Amino acid sequence: MPMLSNILGFSLFGLAARFGQLGIQKRNLFDNPGGHLIAMGVFGYAGYWAHRWDIRSGELIAAKRAEILERRQARAGAVADE
């Protein structure tokens, strides 16, 4: 569910950006719906990429934390042996 909400949120932001672009140009907002679909698709893909990166970065952080914990335990064991 978080992936879907992320993609939809970014897509709606893309639609809002397209409407803002056409509003600045003072053009008809509903003249070319293909442009809206392209903007929503591009921003939706960015939302998918952001979701995948969030998952991957969480995995990287968890692996790094486990590595740091392992090193701390090894160092504590070496200090206790001395």
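The values are calculated or read from the model by the stated rules, or taken from the named source; none is laboratory data. Bear in mind that the values here come from a model prediction, so they are computed numbers and not experimental data. Every residue, glycine among them, receives a Cβ derived from its backbone with ideal geometry; neighbour counts consider all protein chains shown. Heavy atoms of the whole protein, side chains included, go into the accessibility calculation; ligands, DNA and RNA do not. Shrake-Rupley method; radii C 1.70, N 1.55, O 1.52, S 1.80 Å.
Note on residue 55 and residue 70: the extension gain reaches 3.1 nm, defined as 0.36 nm multiplied by sequence separation minus the Cα-Cα distance.
Express the accessible area of the chain per residue in Å², computed with a 1.4 Å probe while the remaining protein chains stay in the model. Intermediate values should be presented prior to the final figure.
Working: 6570 Å² over 82 residues.
Accessible surface, normalised per residue, equals 80 Å².
Could you look at the chain and say what percent of its accessible area is carbon and sulfur, using a 1.4 Å probe and all protein chains? Can you show the working numbers first?
Details: 4260 of 6570 Å².
Taking all protein chains in place, the chain shows 65 percent carbon and sulfur surface.
A simple packing score, the average count of other Cβ atoms within 10 Å per residue, orders the peptides 31-43, 57-69 as 31-43, 57-69, with the highest score first.
With runs of 4+ DSSP H residues as the only contributors, calculate the mean residue ellipticity of the chain at 222 nm using -39,500 (n - 2.57) per run, divided by the residue total and rounded to the nearest 500. All intermediate terms of the calculation are to be shown ahead of the outcome.
On the way: 2 runs with 72 residues, N = 82.
It lands at -32000 deg cm²/dmol.
Taking the chain as the reference, fit the longest principal axis to its C-alpha atoms, fit the long axis of helix 2-24 to the helix C-alpha atoms, and give the angle between the two in degrees, 0 to 90, nearest 10. It works out to around 40 degrees.
Listed values for the range 54-59 are Karplus-derived 3J(HN,Hα) couplings in whole Hz (6.51 cos²θ - 1.76 cosθ + 1.60, θ = phi - 60°), namely 4, 5, 5, 5, x, 5, and x replaces Gly and Pro. Note on Rg and Dmax of the Cα atoms in Å: of the candidates [x] 18.0, 59; [y] 11.9, 36; [z] 23.1, 78, the value calculated from this structure sits at [z].
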